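What follows is a set of notes on a single structure, which appears directly below.
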Amino acid sequence: MNVTTDTPLAAAPLAGAPLAAAPAPVAADIDWNEAFCSEGANCFRFGLDDSGRAYIGSTLAPGEYVSDSVEALRALISAVKAGAADHLL
């Protein structure tokens with residue numbers, strides 16, 4: 001699973017290693033569905049790109065999202081619905 005932001009993150013250099021610029025992430029052309037909002041305006045959105053990758057993002061941080069294959073995100077959502085993340089609530 002990939003977590004992506006539209007802005008490059010600074011990488012911590014290894015001891016003795018020169019500091020190198022982090023490569024800028026490639027902006028995906030994502031077709032977002034309308035946001036799903038629950039109590040307290042906690043809004044999430046789902047999207048797909050032209051290559052078939054699936055995305056989950058928050059409306060609070062539009063440039064940040066999680067991406068993976070449709071099958072992997074389908075398995076994640078099924079596991080959450082089955083209670084695999086209930087201990088986090």
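Values quoted throughout were computed directly from the atomic coordinates according to the rules given, and no laboratory measurement underlies them. Because the structure is predicted, anything quoted here is derived from the model rather than measured. Positions of Cβ are backbone-derived with ideal geometry, glycine not excepted, and every protein chain shown enters the neighbour counts.
Listed by Cβ neighbour count within 10 Å, with the fewest neighbours leading, Leu60, Leu73 appear as Leu60, Leu73. Here each label is just a point 7 Å from Cα along the line to Cβ, and for Cys43 and Ile56 those points are 1.9 nm apart.
Here Glu39, Glu64 are placed in order of increasing Cβ neighbour count within 10 Å, fewest first, which gives Glu39, Glu64.
3J(HN,Hα) couplings calculated from phi for the stretch 55-69 with the Karplus curve 6.51 cos²θ - 1.76 cosθ + 1.60 (θ = phi - 60°) are, in sequence order, 9, 10, x, 9, 6, 6, 9, x, x, 10, 7, 10, 9, 6, 5 Hz; Gly and Pro show x.
Mean projection of the alpha-carbon convex hull of the stretch 26-88 over all orientations, in nm²?
Values: hull surface 19.6 nm².
The directionally averaged projection comes out at 4.9 nm².
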